[in-house]
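Everything below concerns the one structure shown next.
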Amino acid sequence: MIKAVMVMNTQGKPRLTKFYEFLDFWCVVLCSRAENVSNFMEADSIFGPDSRLVYKHYATLYFVFVFDSSENELAMLDLIQVFVETLDKCFRNVCELDIVFNYSKLHTILDEIIFGGQVLETSSAEVMKARISLKLYRISYQNSFWLEE
Amino acid sequence: MDSLFQRSLDDIIKGLRHQQAGESAFVSKVLEEVRREIKSTDSHTKSTALQKLTYLHSICFVDMSWAAFHAIECISYPNFTHKKVGYLAISQSFQESTPVILLISNQLRKDLKSNVEVEVSLALECLSRIGNLDLCRDLTPEVFTLMASSRIPVRKKAIGVVLRLFGKYPDAVRVCFKRLVESLESSDSPPIVSAVIGVFCELASKDPKAYLPLAPEFYKILVDSRNNWVLIKVLKIFTKLAPLEPRLAKKIVEPICELMSKTGAKSLMFECIRTILTSLAEHESAVKLAAGRINELLIDEDPNLRYLGLHALAIVAPKHIWAVLENKEFVIKSLSDPDPNIKLESLRLVMEMVSESNVVEICRVLVNYATKSEPEFCNVILGSILSTCSNNVYEIIVDFDWYVSLLGEMSRIQHCQKGEEIENQLIDIGMRVQDVRPELVRVGRDLLMDPALLGNPFLHRILSAAAWLCGEYVEFIRNPVELMESLLQPRTSLLPPSVRAVYLESAFKALVFCLHSYLKSAHGENGEASGTTLIQENHITPDSVLHLLNLIDMAVGPLSGSYDVEIQERARNILGFTELIKPVLSDSLHPQDERHKQQVEASKMVRLLHDTFSDELGPVSMSAQGRVPVPDGLVLHENLADLEAVCGSSLPASSATISFEGSHNVEGATSIFISDQKEESEPSSESTSLLAEHRKRHGLYYLPSEKNTEHHEANNDYPPANELKSGVTVSNDAQDLAKLAEQSFLPKRKSKQVKARPVVVKLDEGDVLPISSKIPQAKDDSLSEAVRDVLLGNKAAADSVIRKKGKEKLNAKEQEDDLDHMDSQSGTVQNPVKERSKRSSRKQNADEGDHGGDKGKQKRRHRHGKHRTREGVQNPPANVISQTPVPDLLL
């Protein structure tokens, strides 16, 4: 199970939070970690027993996944990569601003990849396909054209 | 009109970005707006308000539970965009306990049945996040239908939801499980297999036994699949299944090894390694292969891989320590890695390698290393040394003198915050190991003498232990006067009251000891010449006795007015005693005259107390309290509310008793407990001992305390085991670590051991806190029972189908009937599933009437079938599954 997904910037400001399991409390887990160290942290004390945390640093953003022993650590790192790749395809050179201003889009993309805590899709091409079909549906349905998502 | 002037989410985000300081003011202003807008009847205005609120909830963590009903309204709007906003709000903010949650049941059902794929997806996602018992029960039929959907994305998500259904509503198993298993075989669409395997991986992690019969299907996927994600999940499942069925382990070990050596994906390789090390550790050759792959990970540049490599070593360590020993240089080098994960993991491994023969070297290097590390890691190192060495009643410690001086050394490390643990161990060792007491007292004395240590609050607990040890085993002190001085030094005012009370009590014991030996020797000069050696060594002269009494007047006198009850009481005890003893003693200090008579009186008094204090204390079993029978007429659970009225404000007087009871079964607090015991026995005239009497009565709660006889001989000529400061020399850590790496971890120094291991007193039981082996299983039980029913039921059903086949052909309704059959199995729970599916089956089969009688018969037969399966399930004991043979095609 994946327990939570968080995106935050280097100042610790949250940009996206999604919890798949009710977690008692949230705190900014980021501490100043050196570059070139491993991307895992033991997170039992924060997210309950059997929790691990993996993060990846891209420019000004940290992508953080919290998961338990049913997931493979390296696969989770890959999954972050998939997520970011998809964002990149979606926004063409994604940057922090894209993430700040596209709150619901982000959720839609994430929901395609992770479903109720389970990994359902691991190919960013497939996620893009799902997004396109969503868009097509919207265009065909459109009766409120002024409303951006 | 509202919507014209409404701020959009983008406006809010921009606004938030422009706030430098007053963000919270801005947020509360927006919230106010939202509260107003959300009441609008216009769907657009309402959904925009809800969207803004959801954003603030997930980014600024504002409460949005009050908007639950509005969110439900939003999902009922026909416009997809509005609906989506509502669903996002619900899945972000609802919990099982949200009161209005049941109101979404109908809307969810509607959306699940929608023809529009994206709407179905939204509803499924929502259900997977917030589904509770009622929702899951109500919507199981819809999900069941969707599991057969021709649209892959929908089917995938429906399968994902099943996990939630099973978790919240175990009876869903009877409906959906068969289809779930069938989906395992849909090798034509990889996403489906991936989703199903994910579900089974979660299910199996909770109760692997129930899924053993599915091993052939999993095995097929393991051999056939090319998808790394799927393979990882299958390996996770086998990690759980293999320990339950040795034949299965034999079967899978080969394909896993092959996978491990062939794959290029590090994640899959690591998973293979982990599976082999955790569940196939008996297969020597596989473990060797895995060890080879670990070595590859260890030399990789990527710190993640190095970390995981060490992690894998930690898994294998308990069973195959050789794999760790092969890499010991690397492990020890990693202690100084800049990566905190790698450091921790290698520390763990180093501690795994510790054995009787190398514990001294490893600890010395680690303590040295700790002094140079940053505070956090330093304490981690100290903590792991302490826990490893104390493991199983100090199993690996042979030379306790060394260990005790190591404890002393550790407490002097600048960042040491392990005071509590060190305190416990010092006292514990003091009570368990007789032979080490002289060294303990020496270490304690060194700590007490150093006035600088009193300023460090992390050391107070250790000082308390040191003070207690020096008081309790004062006979080993070379210079009790010096001890008294350090116990009563002015800087003790820096100590917290509880520790100070221990100091006072120890000073009392030391005083009694000094007087006793003084009087004994003075007596000896007249008559028996026994104590002379002692007196010289202890430097007790009439002058020093006078000095002591003055010291007490000066240092303890002011404390008799202390606000802390413990301190006040103990101070008064000491002062009272000195008051009593002074007149008789002061005469005896003056030469000649009536001296002899006075002395006898004084020594009588001193001996009384001395006897009290010199009684041996042993460790108390953790469960001792439980074994004390409750006396007749004592009601332990009586309501004490009226006690306050009786006692009025004089309650503090009873605090001594309270602390006595409180510390009864806490080993850490023994010091207080002990001194309390003594204090209580003191005022009574036949003081020689309530304690002794108590012990006689309750002998069974204590250890058989071997009376020590040879302490005095052991006292002074005991060689210090380890020079305290010798370790902390200039050599740098790199050298140290290298040195440690050179030293083999294999036992080689055994010949050097001169001293035999001293006796360590152990209790038969209660030494270790009982580890509660209870695993919360209440919920899983019903789930696994359901799974079991279905899996076995399936088989029985299949059998009956085969038997029937000979007599008559099965018609097209087979599937529906199967469903019916499964429903009727669930018999006890009347749920809507049954009726609805029956209805649908009727609708679909227009020729119902023709086959009516036929169906009736079938039903009856199914009932029989049910009976049979029921018997099949109930007759054997509950662990049927473990006995169900895994089909032969696999094994």
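Within segment B:240-275, the set of residues being assigned to a loop (DSSP other than H, G, I, E, B) and either free of Cβ contacts under 8 Å to residues at least 24 places away in the same chain or within 14 Å of chain A (Cβ to nearest Cβ) (or both) comprises B:T263, B:G264, B:A265. Residues in segment B:308-329 that are at pLDDT 90 or above and surrounded by fewer than 21 Cβ atoms within 10 Å (Cβ to Cβ): B:A314, B:I315.
So which helices (runs of 4 or more DSSP H) are wholly in segment B:339-425 and hold at least 2 residues that are within 14 Å of chain A (Cβ to nearest Cβ) and within 30 Å of B:V499 (Cβ to Cβ)? Steps first, answer last, please.
Numbers: elements: B:340-353, B:359-372, B:375-394, B:400-411.
Helices (runs of 4 or more DSSP H) meeting the threshold: B:375-394.
Can you spot a residue in segment B:7-19 that is surrounded by fewer than 21 Cβ atoms within 10 Å (Cβ to Cβ), of a type in the set (A, V, I, L, M), away from chain A (no Cβ under 14 Å) and under 42 Å from the mean Cα position of the chain (by Cα)? No, that holds for no residue.
Listed conditions (1) in a helix (DSSP H, G or I); (2) within 11 Å of another protein chain (Cβ to nearest Cβ); (3) touching a helix residue (DSSP H, G or I) at 6+ places or on another chain (Cβ under 8 Å); (4) of a type in the set (D, E, K, R) are all met by A:E85, apart from (2). Residues in segment B:438-488 that are assigned to a helix (DSSP H, G or I) and among the charged types (D, E, K, R): B:E439, B:R442, B:R445, B:D446, B:R461, B:E472, B:E475, B:E482, B:E485.
With (1) part of a helix (DSSP H, G or I); (2) more than 8 Å from chain B (Cβ to nearest Cβ); (3) surrounded by fewer than 22 Cβ atoms within 10 Å (Cβ to Cβ) as the list, and A:N93 as the residue in question, which single condition is left unmet? Among (1) part of a helix (DSSP H, G or I); (2) more than 8 Å from chain B (Cβ to nearest Cβ); (3) surrounded by fewer than 22 Cβ atoms within 10 Å (Cβ to Cβ), the lone unmet condition for A:N93 is (1). The residues in segment B:85-107 that are at pLDDT 90 or above and at the interface with another protein chain (Cβ under 8 Å from one of its Cβ atoms) can be counted, and the count is 2.
Do the conditions hold for B:I59, that is, is it within 13 Å of another protein chain (Cβ to nearest Cβ) and surrounded by 16 or more Cβ atoms within 10 Å (Cβ to Cβ)? Yes, satisfied.
From the residues in segment B:119-178 that are more than 13 Å from chain A (Cβ to nearest Cβ), polar (S, T, N, Q) and farther than 18 Å from B:V790 by Cα, which one is nearest to the chain's Cα centre (by Cα)? The qualifying residue nearest to the chain's Cα centre (by Cα) is B:T145.
Within segment B:278-292, the residues that satisfy the criterion of being in a helix (DSSP H, G or I) and either away from chain A (no Cβ under 14 Å) or surrounded by fewer than 21 Cβ atoms within 10 Å (Cβ to Cβ) (or both) are B:T278, B:E284, B:S285, B:A286, B:V287, B:K288, B:L289, B:A290, B:A291, B:G292. When you check B:K110 against the structure, is it within 11 Å of another protein chain (Cβ to nearest Cβ) and modelled with pLDDT of 90 or more, yes or no? In short, no.
Any residue in segment B:114-129 that is of a type in the set (S, T, Y), modelled with pLDDT of 90 or more, surrounded by fewer than 18 Cβ atoms within 10 Å (Cβ to Cβ) and closer than 29 Å to B:E182 by Cβ? Yes - at least one qualifying residue is present in segment B:114-129.
Would you point out the residue of segment A:106-124, among those that are part of a loop (DSSP other than H, G, I, E, B) and out of contact with any Asp or Glu (no Cβ under 6 Å at 6 or more places or on another chain), that is nearest to the other protein chains (Cβ to nearest Cβ)? The qualifying residue nearest to the other protein chains (Cβ to nearest Cβ) is A:G116. Within segment A:1-62, considering only strands (runs of 3 or more DSSP E) that don't extend past its boundaries, which have at least 1 residues that are more than 10 Å from chain B (Cβ to nearest Cβ) and at pLDDT 85 or above? Here the list reads A:2-9, A:52-58.
For segment B:301-315, a residue qualifies if it is at the interface with chain A (Cβ under 8 Å from one of its Cβ atoms) and either within 24 Å of the chain's Cα centre (by Cα) or in contact (Cβ under 8 Å) with a residue 40 or more places away in the chain (or both), and the qualifying residues are B:Y307, B:L308.
The values are calculated or read from the model by the stated rules, or taken from the named source; none is laboratory data. Since the model is a prediction, treat every value here as computed from it, not as a measurement. Neighbour counts are summed over all protein chains in view; Cβ atoms, including those assigned to glycine, are modelled from backbone coordinates with ideal geometry.
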